[in-house]
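Inspection log for the structure reproduced underneath, given as structure tokens.
The values are calculated or read from the model by the stated rules, or taken from the named source; none is laboratory data. Model, not experiment: these values are computed from the prediction. Positions of Cβ are generated from backbone atoms using ideal geometry, with glycine treated the same way; all protein chains shown enter the neighbour counts.
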Amino acid sequence: MKTKKLYEQDAYLKAFTAQVLECREEERGWMVLLDQTVFYPEGGGQPWDTGVLGEAKVLEVHQKEGLIYHLCDHKLEAGAYVEGRIDWERRFDFMQQHTGEHIVSGVIHSQFGYNNVGFHLTQRQMTIDLSGELSMEQLRQVEQMANQKVWDNLPVEIFWPSPQELETLPYRSKKELFEAVRLVRIPETDLCACCGTHVACTGEIGLIKLISCQRFREGVRIELACGKRALDYCNLVLEQNHGVSVLLSAKVGETSQAVERLYQEKERLSARVLALEEEIFQGKARALAGADQITLFEEGLEPDSLRRLTIALMEVCPGRCAVFSGSDQEGYKYAIGHKDGDLRQLIKALNQTLNGRGGGKPFFAQGQVQASRGEIEAFLAQWE
Ligand SMILES: [Zn+2]
């Protein structure tokens, strides 16, 4: 005995009545077997349908040896008749994606001879893996041709050819098939063995958008979105671009040039800050020339600036030069140098005593401590 698959004949059936043949309790709920169903079980890359059977929610649907099992959150009486209804929004989304995928795979196969060697469809994402690589120009061509197939509003035909007929048909298939083969044909576009649910006419897909293409195994992995998903994706990108355009007072078609200009401006300012800092550091070093050793607390210096100031001090001071930057609350970053000296003992003790970490070379070290300015000064006083 096999479950009658109502979705195979008519993918637009949303509700149905069926007899409960079996209902057994399992760890995650009740596993329900019906005489017939419109619930699509997971298979062929397409996820299962969700919905309700009577009072029970259908959480998962799986197929095993021709039998379709509905994992439900409530018990159903064996022998009783139940009304079932699938979550149509979820199913129609999968139909738009799946038929769109056939069109794109069919166009790529006929134009470039590559095979679809992997198909992944989830509620959030759809990808296809190809056996060869495509250039950006070729991808644009594929997208254009695939959308033309949508606008041509071609019928999507589903049929079960006889074994004799099957031998004469050049259909795409991922594996050797032994059971009665179900073929999905889109005229002058694609012919593929498939158990999934499809829209009746390609116009229902609305739009096919290729989103990205990355090298994967021997070929590429393409992410794409169809129908409402494609619209949602376009809206997301438009919203982001609009935000950038407002922030940069740039036209929506010129945001990347505006970001480029902003980036160049940032580079110019960084160079200017570096030059001004260097002038300040040299000035401080000149003012301290001749000191035996130096300890400074400076505001807002990044590790690289700390390093450069300490090096400037080491040019004018033969002893220990230590620069700290931070606050009593958040701790201090440090750079400590001693020309021709050996700081290893001091740095080790500093890190241990003041909750610090860091290190470097015998004559120069950088790191940070979790301590107050008073604690740091008291520690250094012991190492005079
Ligand atoms: Zn398919």
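The table below lists the values:
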read-out	value
Some residue of segment 68-91 being over 27 Å from Cys201 (Cα atoms) and at pLDDT below 95	no
Residues located in segment 121-144, provided they are within 16 Å of the ligand (Cβ to nearest atom) and either surrounded by 14 or more Cβ atoms within 10 Å (Cβ to Cβ) or under 17 Å from Arg172 (Cβ atoms) (or both)	Leu121, Met126, Thr127, Ile128, Asp129, Leu130
Boolean, Ala15 is away from the ligand (no atom under 16 Å from the Cβ), touching a strand residue (DSSP E or B) at 6+ places or on another chain (Cβ under 6 Å) and farther than 16 Å from Arg91 by Cα	no
Some residue of segment 72-79 being touching a strand residue (DSSP E or B) at 6+ places or on another chain (Cβ under 9 Å), within 16 Å of Val199 (Cβ to Cβ), in contact (Cβ under 8 Å) with a residue 60 or more places away in the chain and away from the ligand (no atom under 16 Å from the Cβ)	no
Segment 44-56 - residue that is more than 16 Å from the ligand (Cβ to nearest atom) and surrounded by 15 or more Cβ atoms within 10 Å (Cβ to Cβ) and, of those, nearest to Leu210 (Cα to Cα)	Thr50
Verdict on Gly100 being assigned by TED's automatic domain parsing to the domain that holds Gly219 and in contact with a Phe, Trp or Tyr (Cβ under 7 Å, 6 or more places away or on another chain)	no
Flag if Ala322 is over 42 Å from the mean Cα position of the chain (by Cα) and in contact (Cβ under 8 Å) with a residue 40 or more places away in the chain	yes
Yes/no for Glu101 being surrounded by 15 or more Cβ atoms within 10 Å (Cβ to Cβ), over 28 Å from the mean Cα position of the chain (by Cα) and part of a helix (DSSP H, G or I)	no
Unique residue being within 29 Å of Ser270 (Cβ to Cβ) and polar (S, T, N, Q) when the list is Gln366, Gln352, Gln293	Gln366
Residue tally, condition under 19 Å from Ala365 (Cβ atoms) and in a strand (DSSP E or B), over segment 282-329	12
Sole residue being in contact (Cβ under 8 Å) with a residue 12 or more places away in the chain, under 30 Å from Trp383 (Cβ atoms), charged (D, E, K, R) and touching a Lys or Arg at 6+ places or on another chain (Cβ under 8 Å), chosen from Glu298, Glu277	Glu277
